[in-house]
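Colleague: If you scroll down you'll find the structure; I have some questions about it.
The values are calculated or read from the model by the stated rules, or taken from the named source; none is laboratory data. This is a predicted model, so every value here is computed, not measured. Using ideal geometry, Cβ is built from the backbone for each residue, glycine included, and neighbour counts are taken over all protein chains shown. Just the protein is used for accessible areas: all its heavy atoms, side chains included, with ligands, DNA and RNA removed. Shrake-Rupley method; radii C 1.70, N 1.55, O 1.52, S 1.80 Å.
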Amino acid sequence: MKINLRVWRQKNPEIDGKMVDYQLDDVSEDMSFLEMLDVLNESLSVSGEEPVAFDHDCREGICGSCGVVINGIAHGPEVTTTCQLHMRSFADGDTIDVEPWRSGSFPVVKDLVVDRSSFDRIIQAGGYVSAPTGTAPDAHATPVPKKDADHAFDAATCIGCGACVAACPNGSAMLFTAAKITHLGLLPQGQPERDSRVIGMVDQHDAEGFGGCTQIGECTAACPKGIPLHTISRLNKDLLGALARGEG
Amino acid sequence: MTQSSGLDEFFTEGAPVADTKAPVVDHISEMWDKRRFEAKLVNPANRRKLSVIIVGTGLAGASAAATLGEAGYHVTSFCYQDSPRRAHSIAAQGGINAAKNYRNDGDSIYRLFYDTVKGGDYRSRESNVYRLAQTSVEIIDQCVAQGVPFAREYGGLLDNRSFGGVQVSRTFYARGQTGQQLLIGAYQALERQIAAGAVKMHTRHEMLEVVVVDGKARGVVVRDLKTGEISTHLADAVVLASGGYGNVFYLSTNAMGCNVTATWRAHKKGAYFANPCYTQIHPTCIPVSGDYQSKLTLMSESLRNDGRIWVPKAHEDDRDPREIPEDERDYYLERIYPAFGNLVPRDIASRAAKNVCDERRGVGPGGLGVYLDFADAIERMGRATVEAKYGNLFDMYARITGENPYETPMRIYPAVHYTMGGLWVDYDLQSSIPGLFVTGEANFSDHGANRLGASALMQGLADGYFVLPNTINDYLAAGPFTKVDESDPAVLEARQQVEERIAKFLSIKGTRTVDSFHKELGHVMWDYCGMERSEEGLRKAISRIRELKKEFWEDVLVTGEGMELNQSLERAGRVADFLELGELMCIDALHRQESCGGHFRAESQTEEGEALRHDDEFAYVAAWEHGDSGPVLHKEDLVYNYVELKQRSYK
Ligand SMILES: Cc1cc2nc3c(=O)[nH]c(=O)nc-3n(C[C@H](O)[C@H](O)[C@H](O)COP(=O)(O)OP(=O)(O)OC[C@H]3O[C@@H](n4cnc5c(N)ncnc54)[C@H](O)[C@@H]3O)c2cc1C
Ligand code: SF4
Ligand code: FES
């Protein structure tokens, strides 16, 4: 099939970017979206132009590297990661806009590549259990009700891609933050640091310049792992409790 | 030892490996205790004066960085992704083994040790494998304490499953995303140390050279992938945890960025590369659909528990599979291996698929596929049960192929998945360069000629959490070593090598893209150094790779500039190293005139076409030294005192 692409090109953070038109005449519907971009890049390279830079690694929907806004939707029309989107989701002759995540807290590095190191810093602010190597009791010392373990797992599937931020009109990273609060907050191992965790992570979230959450729900709709909105309610409850207990 | 004639043009033989540093004990079970007791300790106050560089943040690297940081050393870590959490370990699906014997089904440290040595087709080192089995139990405790959400039963205790054809249930798992959950646990531990100032993390940095001063590894040269800036980092010791090299085949289940550069650069500076030809080809992957294909997707091995594998009896039968009657189908694994059927080990299942496709009985595009059929399972258990067990895999298959596996059989084909070879290390995980340690898939490790399912995650975490932190101290106790100056000739030379290589790539301005070279190399490797190898094929491959390497350096096209984010330049460096590695893999495969594990030599098979080992001649690790006039082979003899060598049989 034929595809008309309009791709955001930006040489570096200092220079303004713009949309540039490209045409591909021979796209197979079995190609993944990123393979379609590979084909574009091979043809750009051969004609001496610079290929489009984009982040990707596993191409299996699990590492969270990939992610672009496709026709205004983070990760495109299906509920999946960009790398797992296939061209059969588009029609012959379609025009497709491809842009990087847009958020002040995810500055563009080049073309479609953005800097998401703010996510790592949110984790540094408390997204862990302090368990130095070698100090652990036997794994069966503390049984965890299956229901809690399953719900913790659901939240732990977040891949840190940043689509929630790109989709949110406020540019909030609350879904990402809440996923971690929920994962660790549901497990007995996460209890001792529960208060300091939520206060630390929310403070860092705000310090990174992410917007506040007004429960619009665009984040959940774009999330390739279906992290539910109620994780944010859980975060809010934990935060209020922690503040009331005077932690932090 | 005899050296078959006619191979001298490819390599020379050097002195055997003298010592693996495994302590001498009465029984193998005492070895690790003895080593920990004898290894010199570094007192906590001195650790602050010692620095360690760790390349890689997968399971093997993140666990080591978190542990050594917590212990008080100065750690500097590097990864090429934008976050340490994205290392390729994240993609592991099936699970992690541990000899907990929570099922009370007869498992033990000895049994895990035995299964691993046997599964590796008796080409791994007993001492290391025994320690791996011992350490496995501590890993699960550590991960649970970090909040890793393993699957649990209704009573709240951990669930286990049997995996990869073993007869006990010792595999711990987290749905189909075990690697992700383990890595997030290690990543969070690492981020905690970063916040504490104990680890300095450099993301989007690629290590391009090791700095060796006075025979010791003292640092690395890295390129900042965002800005192109080259910098040198110096330390008392260097750890490579940079993963496997399966992408030498271009198409594999590895992440796109997986590469051999870190270990290959170290090899060229003196580190031995062991058993490079041992690669694992996984039988259940989604077949190639077209020339544009960039990677292959693994479908969990667990599918073989209920799916039946078959091809049509007739050649080039392109009927809809549902219209092929039962008696015109060949359930070839069940036919050839009645005892194990569809559950034979990976290497055997893969080769059998290749054989039926070579007989022109394969299905799908290019005849490179076999059916994995759930029709019987759906009839037996009901669709709902199949969906509950395998739903996410079926969805993934449907998304990628556009076919509905509930209605029509899946098509699968083997794909490159894991590399057992890697840098040679001793019992302390130290390479042949003092001060250079290697962990995880990057070392030649514990898996011999074939790795069992759920054992790589175990090894990565054993190395990083428990082994290295108890052995590297023995080396560091002699430090801090004399401070190395940035102006030391060895430092300047390493940096200059990096700069010159980059300048060279950018100056060639040829006509062929990096990817086109990579694809061609991949084809050569797959055809001649893949599931079946022969002397004739390997000779052909070596001469083609040499030509290709020459063409690459004359005609490669690298766009853009050095001082910017330049993915074409990044790939050029990786492919240049793959070209050199590919040649060594073929030489290693050529010299090993036996079949073992993933290495099947056409000339060495039983009458029934099964792999035939030659223990009298080849029970050794092939450790290759880089030499200016070709590789030099150092043999490390493998001695089996605790497991009896047998020919594997799954009939
Ligand atoms: C699809 C798939 C499924 C699997 N499933 C299982 C399973 O169920 N059970 C199991 O036991 N094993 C499984 N494996 C194997 C297992 O996942 C890997 O062997 C293991 O995770 C490797 O871990 P590692 O830490 O050694 O390397 P990796 O996780 O690959 O990490 C490598 C690190 O090195 C960095 N790096 C590499 N080169 C450089 C460089 N030059 N400069 C700077 N940084 C660099 C990378 O950024 C990364 O951080 C699977 C593998 C695949 C491909
Ligand atoms: S919450 Fe969802 S969208 Fe946000 S980072 Fe995690 S996986 Fe991505
Ligand atoms: S490339 Fe890993 S999630 Fe898309």
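Colleague: Quick one: is A:Glu14 within 16 Å of ligand 2 (Cβ to nearest atom) and either among the small types (Gly, Ala, Ser) or in the same structural domain as A:Asp94 (by TED's automatic domain parsing) (or both)? Talk me through it step by step, then tell me what you get.
Modeller: Details: within 16 Å of ligand 2 (Cβ to nearest atom): no; either among the small types (Gly, Ala, Ser) or in the same structural domain as A:Asp94 (by TED's automatic domain parsing) (or both): yes.
No; evaluated as a whole, the condition is false for this residue.
Colleague: Another question, if that's okay. Given the residues B:Leu423, B:Leu468, which is the only one that is surrounded by 24 or more Cβ atoms within 10 Å (Cβ to Cβ), over 21 Å from B:Leu182 (Cα atoms), touching a Phe, Trp or Tyr at 6+ places or on another chain (Cβ under 9 Å) and modelled with pLDDT of 95 or more? Walk me through how you get there before you give the answer.
Modeller: Values: B:Leu468 fails: over 21 Å from B:Leu182 (Cα atoms).
That would be B:Leu423, the only listed residue that is surrounded by 24 or more Cβ atoms within 10 Å (Cβ to Cβ), over 21 Å from B:Leu182 (Cα atoms), touching a Phe, Trp or Tyr at 6+ places or on another chain (Cβ under 9 Å) and modelled with pLDDT of 95 or more.
Colleague: Further, regarding this structure: When you check B:Arg335 against the structure, is it surrounded by fewer than 20 Cβ atoms within 10 Å (Cβ to Cβ) and within 14 Å of another protein chain (Cβ to nearest Cβ), yes or no? Talk me through it step by step, then tell me what you get.
Modeller: Details: surrounded by fewer than 20 Cβ atoms within 10 Å (Cβ to Cβ): yes; within 14 Å of another protein chain (Cβ to nearest Cβ): no.
It is false that B:Arg335 is surrounded by fewer than 20 Cβ atoms within 10 Å (Cβ to Cβ) and within 14 Å of another protein chain (Cβ to nearest Cβ).
Colleague: For residues that are of a type in the set (A, V, I, L, M) and either part of a helix (DSSP H, G or I) or without any contact (Cβ under 8 Å) to a residue 40 or more places away in the chain (or both), tally how many sit in segment B:612-626.
Modeller: Start the filter on segment B:612-626 by keeping residues that are of a type in the set (A, V, I, L, M), which leaves B:612, B:619, B:621-623.
Checking which are either part of a helix (DSSP H, G or I) or without any contact (Cβ under 8 Å) to a residue 40 or more places away in the chain (or both) leaves us with B:612.
Number satisfying all stated conditions: 1.
Colleague: Is there a residue being at pLDDT below 95 and either open to solvent by less than 20 Å² (accessible area, probe 1.4 Å) or outside any helix (DSSP H, G or I) (or both) anywhere in segment B:323-330?
Modeller: No: zero hits.
Colleague: Name the single residue, out of those in segment B:115-159 being under 24 Å from the mean Cα position of the chain (by Cα) and assigned to a loop (DSSP other than H, G, I, E, B), that is farthest from B:Tyr642 (Cα to Cα).
Modeller: As a first pass, look at segment B:115-159 and keep what is under 24 Å from the mean Cα position of the chain (by Cα): B:115-140, B:142-143, B:148, B:150.
With the extra rule that they be assigned to a loop (DSSP other than H, G, I, E, B), the set shrinks to B:120-125, B:148, B:150.
Details: B:Gly120: 15, B:Asp121: 15, B:Tyr122: 12, B:Arg123: 14, B:Ser124: 13, B:Arg125: 11, B:Val148: 34, B:Phe150: 33 Å.
If we take residues in segment B:115-159 being under 24 Å from the mean Cα position of the chain (by Cα) and assigned to a loop (DSSP other than H, G, I, E, B), then B:Val148 is farthest from B:Tyr642 (Cα to Cα).
Colleague: Kindly indicate whether A:Ala179 is surrounded by fewer than 24 Cβ atoms within 10 Å (Cβ to Cβ), at pLDDT 95 or above and within 16 Å of ligand 3 (Cβ to nearest atom).
Modeller: On the way: surrounded by fewer than 24 Cβ atoms within 10 Å (Cβ to Cβ): no; at pLDDT 95 or above: yes; within 16 Å of ligand 3 (Cβ to nearest atom): yes.
Spelling it out, it is not the case that A:Ala179 is surrounded by fewer than 24 Cβ atoms within 10 Å (Cβ to Cβ), at pLDDT 95 or above and within 16 Å of ligand 3 (Cβ to nearest atom).
Colleague: Need a quick list: helices (runs of 4 or more DSSP H) entirely within segment B:1-89 having at least 3 residues that are in contact (Cβ under 8 Å) with a residue 12 or more places away in the chain and open to solvent by less than 20 Å² (accessible area, probe 1.4 Å). Working first, answer last.
Modeller: On the way: elements: B:31-38, B:44-47, B:59-71.
Where helices (runs of 4 or more DSSP H) fall fully within segment B:1-89 and carry at least 3 residues being in contact (Cβ under 8 Å) with a residue 12 or more places away in the chain and open to solvent by less than 20 Å² (accessible area, probe 1.4 Å), they are B:59-71.
Colleague: Taking the stated definitions as given, is B:Arg361 surrounded by fewer than 19 Cβ atoms within 10 Å (Cβ to Cβ) and over 20 Å from B:Thr253 (Cα atoms)? Give the derivation first.
Modeller: On the way: surrounded by fewer than 19 Cβ atoms within 10 Å (Cβ to Cβ): no; over 20 Å from B:Thr253 (Cα atoms): yes.
Answer is no for this residue.
Colleague: Taking the residues in segment A:40-72 that are polar (S, T, N, Q) and surrounded by fewer than 24 Cβ atoms within 10 Å (Cβ to Cβ) as candidates, determine which candidate is nearest to the other protein chains (Cβ to nearest Cβ). Before you say what the answer is, go through the steps one by one.
Modeller: The initial filter retains those residues of segment A:40-72 that are polar (S, T, N, Q), namely A:41, A:43, A:45, A:47, A:65, A:71.
Remaining after also requiring surrounded by fewer than 24 Cβ atoms within 10 Å (Cβ to Cβ): A:41, A:43, A:45, A:47, A:71.
On the way: A:Asn41: 8, A:Ser43: 10, A:Ser45: 5, A:Ser47: 10, A:Asn71: 19 Å.
Of everything passing the filter in segment A:40-72, A:Ser45 is nearest to the other protein chains (Cβ to nearest Cβ).
Colleague: Somewhere in segment B:145-159, is a residue more than 8 Å from chain A (Cβ to nearest Cβ) and surrounded by fewer than 24 Cβ atoms within 10 Å (Cβ to Cβ)? Give the derivation first.
Modeller: Of the residues in segment B:145-159, the ones more than 8 Å from chain A (Cβ to nearest Cβ) are B:148, B:159.
Those left that are additionally surrounded by fewer than 24 Cβ atoms within 10 Å (Cβ to Cβ): B:159.
For segment B:145-159, residues more than 8 Å from chain A (Cβ to nearest Cβ) and surrounded by fewer than 24 Cβ atoms within 10 Å (Cβ to Cβ): present.
Colleague: In addition: With (1) over 28 Å from A:Phe106 (Cα atoms); (2) more than 10 Å from chain B (Cβ to nearest Cβ); (3) not in a helix (DSSP H, G or I) as the list, and A:Gly171 as the residue in question, which single condition is left unmet?
Modeller: (1)
Colleague: Given the criteria on the phi > 0 side of the Ramachandran plot, surrounded by 14 or more Cβ atoms within 10 Å (Cβ to Cβ), within 16 Å of ligand 2 (Cβ to nearest atom) and in contact (Cβ under 8 Å) with a residue 40 or more places away in the chain, does A:Gly211 qualify? Before the answer, list the steps.
Modeller: Working: on the phi > 0 side of the Ramachandran plot: no; surrounded by 14 or more Cβ atoms within 10 Å (Cβ to Cβ): yes; within 16 Å of ligand 2 (Cβ to nearest atom): yes; in contact (Cβ under 8 Å) with a residue 40 or more places away in the chain: yes.
Answer is no for this residue.
Colleague: Right, something else. Scan the strands (runs of 3 or more DSSP E) fully inside segment B:166-239 and keep the ones with 1 or more residues being within 16 Å of ligand 3 (Cβ to nearest atom), among the basic types (Lys, Arg) and in the same structural domain as B:Gly562 (by TED's automatic domain parsing).
Modeller: On the way: elements: B:199-202, B:205-213, B:216-224, B:230-234.
Fully inside segment B:166-239 and qualifying: nothing.
Colleague: Collect the residues in segment B:502-516 that are part of a helix (DSSP H, G or I) and either within 14 Å of chain A (Cβ to nearest Cβ) or surrounded by fewer than 18 Cβ atoms within 10 Å (Cβ to Cβ) (or both), keeping them in residue-number order. Can you show your working first?
Modeller: Taking segment B:502-516 first, the residues part of a helix (DSSP H, G or I) are B:502-508, B:514-516.
Across segment B:502-516, the qualifying residues are B:Ala503, B:Lys504, B:Phe505, B:Leu506, B:Ser507, B:Ile508, B:Val514, B:Asp515, B:Ser516.
Colleague: Select from segment A:131-158 the residues that are in a helix (DSSP H, G or I) and open to solvent by less than 20 Å² (accessible area, probe 1.4 Å) and write down the one among them that is farthest from ligand 2 (Cβ to nearest atom).
Modeller: Start the filter on segment A:131-158 by keeping residues that are in a helix (DSSP H, G or I), which leaves A:146-156.
So of that shortlist, the ones also open to solvent by less than 20 Å² (accessible area, probe 1.4 Å) come out as A:149, A:152-153, A:155-156.
Details: A:Ala149: 20, A:Ala152: 15, A:Phe153: 14, A:Ala155: 9, A:Ala156: 10 Å.
Restricting to residues being in a helix (DSSP H, G or I) and open to solvent by less than 20 Å² (accessible area, probe 1.4 Å), the top hit is A:Ala149.
Colleague: Working carefully through the options B:Asp8, B:Asp19, B:Asp33, find the one that is modelled with pLDDT under 95 and closer than 27 Å to B:Ala477 by Cα. Write out each step before concluding.
Modeller: Values: B:Asp8 fails: closer than 27 Å to B:Ala477 by Cα; B:Asp33 fails: modelled with pLDDT under 95.
The unique qualifying residue is B:Asp19.
Colleague: Now, a different point. If I ask for residues that are open to solvent by less than 10 Å² (accessible area, probe 1.4 Å), small (Gly, Ala, Ser) and part of a loop (DSSP other than H, G, I, E, B), which ones from segment B:432-453 would you list?
Modeller: Hits for segment B:432-453 are B:Gly435, B:Ser445, B:Gly448, B:Ala449, B:Gly453.
Colleague: Output the number of residues of segment A:73-111 satisfying the condition of being in a loop (DSSP other than H, G, I, E, B) and either open to solvent by 10 Å² or more (accessible area, probe 1.4 Å) or within 11 Å of chain B (Cβ to nearest Cβ) (or both). Give the derivation first.
Modeller: Filtering segment A:73-111 for residues in a loop (DSSP other than H, G, I, E, B) gives A:75-81, A:85, A:90-94, A:100-107, A:111.
Remaining after also requiring either open to solvent by 10 Å² or more (accessible area, probe 1.4 Å) or within 11 Å of chain B (Cβ to nearest Cβ) (or both): A:77-81, A:85, A:90-94, A:102-107, A:111.
Residues that pass the stated criteria total 18.
Colleague: Can you name the residue in segment B:168-219 that is over 23 Å from A:Phe119 (Cα atoms) and polar (S, T, N, Q) and is also most open to solvent (accessible area, probe 1.4 Å) among such residues? Working first, answer last.
Modeller: The first filter runs over segment B:168-219 and keeps only residues over 23 Å from A:Phe119 (Cα atoms), leaving B:168-176, B:207-219.
Still in the running and polar (S, T, N, Q): B:169, B:171.
On the way: B:Ser169: 35, B:Thr171: 0 Å².
Among them, the one singled out is B:Ser169.
Colleague: For A:Cys161, state whether it is in a loop (DSSP other than H, G, I, E, B) and either touching a strand residue (DSSP E or B) at 6+ places or on another chain (Cβ under 9 Å) or of a type in the set (Ser, Thr, Tyr) (or both).
Modeller: yes
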